[in-house]
Amino acid sequence: MKHILAPLFFLAYTSQLVMGQDSLRNKTIKKEHARDKSYFMYHHGKEFFLEKSKDYKTAAYVLAVGGSAIAIGGYLIFQNNKGYDSFYDFENGLRGTSVGIIMLVAGSVMTALSVPLFIKAEHYK
């Protein structure tokens with residue numbers, strides 16, 4: 001079962017990374033106008049900033065919810081396999097406890113990474 005779930009989690013995670021790199025809608029900023037907010041207000045209007053804020057907030061929610069789900073799944077896997085003595089078995093590979101800890105840490109990191117995106121979304125409002 002572990003041999004099936006690990007590639008599925010990896011596929012789901014990498015697909016979210018690839019979908020997040022939507023370069024067709026990417027709005028580029030000239031270097032000389034990077035800090036001048038009034039330039040953008042004149043040329044792009046308020047809709048530009050509201051759309052950027054919405055994009056950042058969506059990405060932050062995806063990271064927060066996805067990271068929380070992975071962390072909760074990792075915790076449940078860890079609690080289910082807590083009775084084993086070692087984290088690694090040389091015959092079978094990783095045990096459930098180490099997979100659970102890895103998922104718990106990865107989910108916690110993803111959830112923590114959503115905080116700067118929420119801050120940036122509020123900045124563009």
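The values are calculated or read from the model by the stated rules, or taken from the named source; none is laboratory data. For clarity, every value in this text was computed on a predicted model and none was experimentally measured. Cβ atoms come from the backbone with ideal geometry, glycine included; neighbour counts cover every protein chain shown.
Looking at segment 105-112, can you tell me whether even one residue there is over 18 Å from F9 (Cβ atoms), modelled with pLDDT of 90 or more and in a helix (DSSP H, G or I)?
Going through segment 105-112, the residues over 18 Å from F9 (Cβ atoms) turn out to be 112.
Subsequent filtering for residues that are modelled with pLDDT of 90 or more retains 112.
Filter once more, keeping what is in a helix (DSSP H, G or I): 112.
Scanning segment 105-112 turns up at least one residue that is over 18 Å from F9 (Cβ atoms), modelled with pLDDT of 90 or more and in a helix (DSSP H, G or I).
Could we say that L117 is of a type in the set (A, V, I, L, M) and modelled with pLDDT under 75 here?
Working: of a type in the set (A, V, I, L, M): yes; modelled with pLDDT under 75: no.
In short, no.
Any residue that is modelled with pLDDT of 90 or more, in contact with a Ser or Thr (Cβ under 9 Å, 6 or more places away or on another chain) and in a helix (DSSP H, G or I) - is there at least one of those in segment 49-59?
Yes, segment 49-59 contains a residue that is modelled with pLDDT of 90 or more, in contact with a Ser or Thr (Cβ under 9 Å, 6 or more places away or on another chain) and in a helix (DSSP H, G or I).
Rundown of residues vs (1) at pLDDT below 90; (2) surrounded by fewer than 10 Cβ atoms within 10 Å (Cβ to Cβ); (3) under 17 Å from M110 (Cβ atoms), yes/no style:
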{"residue": "K2", "(1), (2), (3)": "yes, no, no"}
{"residue": "D36", "(1), (2), (3)": "yes, no, no"}
{"residue": "H43", "(1), (2), (3)": "yes, yes, no"}
{"residue": "I72", "(1), (2), (3)": "no, no, yes"}
